[in-house]
1. Using alpha-carbon pairs under 8 Å, 6+ residues apart, how would you state the relative contact order of segment 1-127 in percent?
2. Extension gain residue 99-residue 18, at 0.36 nm per residue separation less the Cα-Cα distance, in nm?
3. About its Cα centre, how strong a charge dipole does segment 1-84 have in debye, to the nearest 20, once Lys and Arg get +1 and Asp and Glu get -1 at the Cβ?
4. Treating only the Cα positions of segment 1-141 as identical point scatterers, give the base-10 log of I(q)/I(0) from the Debye formula at each q in 0.16, 0.22 Å⁻¹.
5. Residue 68 to residue 106: extension gain in nm, 0.36 nm per residue of separation minus the Cα-Cα distance?
6. May I ask you to order 212-219, 226-233, 15-22, 44-51 by the average number of other C-beta atoms within 10 Å around their residues, highest value first?
7. Can you give me the solvent accessible area of residue 117 with a 1.4 Å probe, rounded to the nearest 10 Å²?
8. Per 5 Å bin from zero, what fraction in whole % of the C-alpha pairs of segment 99-177 is there, up to the bin with the longest pair?
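The values are calculated or read from the model by the stated rules, or taken from the named source; none is laboratory data. Just so it is clear, the structure is predicted and the values come from calculations on it, not from any experiment. Every residue, glycine as well, gets a Cβ built from its backbone with ideal geometry; the counts of neighbours run over all protein chains shown. Surface areas here come from the heavy atoms of the whole protein model, side chains and all, with no ligands, DNA or RNA. Shrake-Rupley method; radii C 1.70, N 1.55, O 1.52, S 1.80 Å.
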Amino acid sequence: MSTSKSEQSYTAQGLISNPPLRSDGRSLLDYRPICMSTGVYPQANGSAKVECGGSEVVVGVMCEIDHEGNEDHSFSANGRIKCNVLCTPSAYPAHSPPALDDLSYDLSVILSDVYSDPGLLPSNLVVVPGRKSWTIHIDALVTADGGNLLDVLFLAVRAALWNCRVPSTKNIEYKGSSQLGNESAFVTQHRTSHAADFEIKDFWEDGESLANRETFPIAITLNLLSSIHFLDATHLESMAAQSRLIFIYSFSQSTLEGNPTIRGIKYFGEAMPLKNVHTHMPVGQQTLLVLGGH
């Protein structure tokens, strides 16, 4: 959606006025209503849809077995997370196909950079130690962008991962004929280090939650304008802002106790002194506590 300079100027004047004026009557630190649904794709291992204002993101999570000696030689014995974001033409009708591809790529990179942190890797992705593990594929679809997209994207990804179930497996250890006696040609064991293969215990959709899922991050975007900052910008407000400072936070435990961990900081816009970044951090932390409490 294109906006004129006069619209941006009018919006900016309202934001910096005393008291601040926003078109929907919110205060500077208020979010629009957030609607979240999980399990929206029954065929996925985990899924979620999050709507906030005019923004909507749908995420599906699939678990795929990765093995030693795979085609791209990228096997990780502890498992891995791969992220992909696709922006739909309906969300950006004014964008050309190359522009949509660039935007999708940029969002994929931001998400991948955060989830490449080893501290976010669930501990229950190992299937056959040293040989096979689960790869978690995160596919996010941006169906509408009404502003504050990164916050909505990270919230939808976290909800889908929270909803994800990793299929339960049992390992198979093959025995040679000299070892058999009256036994079967193979025996099943749980997490044995000598396992050669595995089988699914129950149904594919059954399984266990991802370990350490409390650590999956969310993003808090501070929109900066003159001497003020505000949250959850509409599309027009984001165009009026001079810059954006994005804090990506997570907790290290299931309860909202202690200080959150910063997983990343992104900045877009005019140059900012480093000391100003630290000035804004308490706002991001407080917002995280409010969102986490809901």
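1. Numbers: 119 pairs, mean separation 18.8, N = 127.
Value for segment 1-127: 15 percent.
2. On the way: separation 81, 0.36 × 81 = 29.16 nm, distance 3.83 nm.
Stretched fully, the residue 99-residue 18 segment lengthens by 25.3 nm.
3. Working: 7 positive and 10 negative charges, 109 e Å.
Dipole magnitude for segment 1-84 comes out near 520 debye.
4. -1.03, -1.34
5. Working: separation 38, 0.36 × 38 = 13.68 nm, distance 2.99 nm.
Full extension of this stretch gives 10.7 nm more.
6. Numbers: 212-219: 20.9, 226-233: 18.2, 15-22: 12.6, 44-51: 23.2.
The peptides rank, most packed first, as 44-51, 212-219, 226-233, 15-22.
7. Residue 117 has an accessible surface of roughly 50 Å² with all protein chains in place.
8. Percent of pairs per bin, in order: 3, 10, 20, 20, 14, 11, 8, 6, 4, 2, 1, 1, 0, 0.
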